[in-house]
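Accompanying notes for the structure given below.
Taken together, the values in this text are just the output of simple stated rules run on the coordinates, not laboratory data. None of these values were measured; they are calculated from a predicted model. Note that each Cβ is placed from the backbone with ideal geometry, even for glycine, and that neighbours are counted across all protein chains shown.
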Amino acid sequence: MEEIEVPTEHLQEQLNEKSRESEERWVLMVALTAAVLAVFAAIAALLAGHYANEAMIEQLQASDQWAFYQAKGIKLAVVECKMDMLKQLGKEPSSKDLEKTDKYRDEQKEINNVAHEKEQKSSAFLVLHNKLARGVTVFQVAIAICAISALTRKKFLWYGSIGLGIAGILLMGLVFF
């Protein structure tokens, strides 16, 4: 009996071609994932930089307020010194000087409140900056793992990078909620 030969070469080529197409689609998905992660990383980095700048501006304004507070303190000390000297000489300080001391003390209280408020705002902006900076780091790691998954053709690494991307999005979300 004669064996019938089935041409499998053509079949094998078709299977290989389908496998390559499937792999190419997967690599395309990995590349798209990396691109989306890069967009989120860029947004998070931009926001982190914004909040760092805002924190710095608030801290600078707080420092200005503390300098203003000290200037009022110096003025108060000069007027009090003048009043003490007058008392030592047996003279009464003027009502104008008494009004100035009250005015300077009131101004110092107001300046103190503004300075503390600015410091609190600065701290709040730094907290937001730090959360977003962590998000940027997570996105960068996710992008790196995405690239490694494309190079090694390991799907579990791609899934891991997607998981890290979701974690980065959650970190970003914490800033807004």
Of (1) over 24 Å from the mean Cα position of the chain (by Cα); (2) surrounded by 17 or more Cβ atoms within 10 Å (Cβ to Cβ), Phe156 satisfies every one except (2)
Flag if Val79 is aliphatic (A, V, I, L, M), part of a helix (DSSP H, G or I) and within 32 Å of the chain's Cα centre (by Cα) | no
If you go through region 134-177, how many residues are closer than 24 Å to Ser22 by Cα and among the aliphatic types (A, V, I, L, M)?
-> 10
Please work out which residue is farthest from the chain's Cα centre (by Cα), limiting yourself to region 83-121 and to residues that are in a helix (DSSP H, G or I), of a type in the set (Lys, Arg) and surrounded by fewer than 14 Cβ atoms within 10 Å (Cβ to Cβ).
-> Lys87
Residues being closer than 23 Å to Trp26 by Cα and of a type in the set (D, E, K, R): count how many of those fall in region 127-177.
-> 3
Residue by residue through region 53-65, note down the ones that are crowded, with 17+ Cβ neighbours inside 10 Å and either hydrophobic (A, V, I, L, M, F, W, C) or under 30 Å from Ile166 (Cα atoms) (or both).
-> Glu54, Ala55, Ala62
Output the qualifying pairs, or none if there are none: Cβ atoms under 6 angstrom, residues six or more apart or on different chains, first residue in region 106-119 and touching a residue at least 60 places away in the same chain (Cβ under 8 Å), second residue part of a helix (DSSP H, G or I).
-> Lys118/Glu58; Lys118/Gln61; Lys118/Ala62; Glu119/Ala62
